[in-house]
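Step one of this worksheet: look at the structure below.
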Amino acid sequence: MQSPNHPISQSLNHPMDLSIPVIILCGGMGTRLREETEYKPKPMVEIGGKPILWHIMKHYAFYGFKNFILALGYKGNIIRDYFLNYYTYNSDFTVSLGEGGKIRNHNECIKDDWTVTLVETGANSMTGYRVKVAGRYVKGQNFMVTYGDAVSNVDLEKLIRFHMEQGLKGTVTGVYPPSRFGDLETEGNQVRKFYEKVKDENRQEPINGGYFVFKREFLDLIPEDPSVDLERVPMKMLTESSQLAVFRHKGFWQCMDTYRDNQLLEKMWKENPVWKIWD
């Protein structure tokens, strides 16, 4: 049961559907972070001794969203191993060799009651196809998607409520970082054009920060083609049909594209981890 002070519990008149699944894109190679990703997938690069993927999942779980679908690709077995041995990696334990290697974990305080579905989506597949494949495990009317390489303090309850109020097929979280990676051209609460990795310091528009919410029918727009990019095909179709809303988040958001980004997040973790909203 959520505590009375939990963000979801404060809106008793409009109960939130906490069963909405979260697809996290975990398949990219992270070529600009080669110092770390030569031997591990990008979502497993650590911040403060924990994979950035763990930080993302803790954020969603804080708001009560604990049903995760991980779209695996490059070195996906490392992510499989992490969750198969989650409690071993995150607690003290005793191995009884005389009892066939029986393991007893000691840190009972670890209570991450998540459901994690790991889905192979292909080593070289693009993001659109990864969502298509992972979407086979989406059962409800809505689902969320985000990238496995960025952390934020976006209010997920407000994001979901905004998506429901707009009534469109999709919502993207628009963020305002110091540099530009891919711009959204908006009109009111709708996205009109999608610019990938446009650098223009004078633009006042937000960039694509991930943290998407989609109606299940969005999956029908994605072809069964591993070369389909999420932004260039199905999301472009949403913008052309005025079916993509933008949720503006002017708080913290930081991607981890490069080693410099990784070091910045490590420094922030030690001094002021703005995205750490969980206990």
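Among the residues making up the range 249-273, those that are surrounded by fewer than 14 Cβ atoms within 10 Å (Cβ to Cβ) and either over 25 Å from residue 156 (Cβ atoms) or in contact (Cβ under 8 Å) with a residue 12 or more places away in the chain (or both) are 250, 251, 260, 263, 267, 270. Going through the range 94-150 one residue at a time, which ones are more than 16 Å from residue 68 (Cβ to Cβ) and of a type in the set (Val, Ile, Thr)? Answer for the range 94-150, where residues must be more than 16 Å from residue 68 (Cβ to Cβ) and of a type in the set (Val, Ile, Thr): 94, 95, 103, 110, 127. Scanning the range 45-73 for residues that are surrounded by fewer than 18 Cβ atoms within 10 Å (Cβ to Cβ) and part of a strand (DSSP E or B) yields 46, 50.
Considering the range 74-100, the residues that are of a type outside the set (Phe, Trp, Tyr), in a helix (DSSP H, G or I) and at pLDDT below 90 include one that is surrounded by the most Cβ atoms within 10 Å (Cβ to Cβ), namely 88. Residue 254 - would you say it is assigned to a strand (DSSP E or B) and either in contact with a strand residue (DSSP E or B) (Cβ under 8 Å, 6 or more places away or on another chain) or not hydrophobic (A, V, I, L, M, F, W, C) (or both)? Yes: the conditions hold for residue 254.
When you check residue 168 against the structure, is it at pLDDT below 95, more than 27 Å from residue 46 (Cα to Cα) and of a type in the set (A, V, I, L, M, F, W, C), yes or no? For residue 168, the condition - at pLDDT below 95, more than 27 Å from residue 46 (Cα to Cα) and of a type in the set (A, V, I, L, M, F, W, C) - is not met. Taking the criterion of being in a strand (DSSP E or B) and either at pLDDT 95 or above or farther than 18 Å from residue 159 by Cα (or both), the residues of the range 197-245 that qualify are 212, 213, 214, 215, 244, 245.
Restricting 269, 275 to residues that are farther than 19 Å from residue 145 by Cβ and either hydrophobic (A, V, I, L, M, F, W, C) or in contact with a Leu (Cβ under 7 Å, 6 or more places away or on another chain) (or both) narrows the list to 269. Counting just the residues of the range 57-105 that are under 18 Å from the mean Cα position of the chain (by Cα) and of a type in the set (Ser, Thr, Tyr), which one comes out nearest to residue 211 (Cα to Cα)? By that ranking, first place goes to 60. Of all residues in the range 119-138, those that are touching a helix residue (DSSP H, G or I) at 6+ places or on another chain (Cβ under 8 Å) and more than 15 Å from residue 28 (Cα to Cα) total 3.
Yes/no per residue for (1) among the small types (Gly, Ala, Ser); (2) at negative phi; (3) in contact (Cβ under 8 Å) with a residue 40 or more places away in the chain; (4) in contact with a helix residue (DSSP H, G or I) (Cβ under 7 Å, 6 or more places away or on another chain):
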position	(1), (2), (3), (4)
28	yes, yes, yes, yes
40	no, yes, no, yes
71	yes, yes, yes, yes
74	no, yes, yes, no
89	no, yes, no, yes
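For the range 130-143, the criterion of being assigned to a loop (DSSP other than H, G, I, E, B), charged (D, E, K, R) and over 15 Å from the mean Cα position of the chain (by Cα) is satisfied by at least one residue. Tell me, yes or no, whether the range 101-119 has at least one residue that is assigned to a helix (DSSP H, G or I), surrounded by fewer than 21 Cβ atoms within 10 Å (Cβ to Cβ) and not aromatic (Phe, Trp, Tyr). No.
The values are calculated or read from the model by the stated rules, or taken from the named source; none is laboratory data. Being a predicted model, the structure only gives us computed values, none of them experimental. All Cβ positions, even for glycine, are placed from backbone atoms using ideal geometry, and neighbour counts span all protein chains on display.
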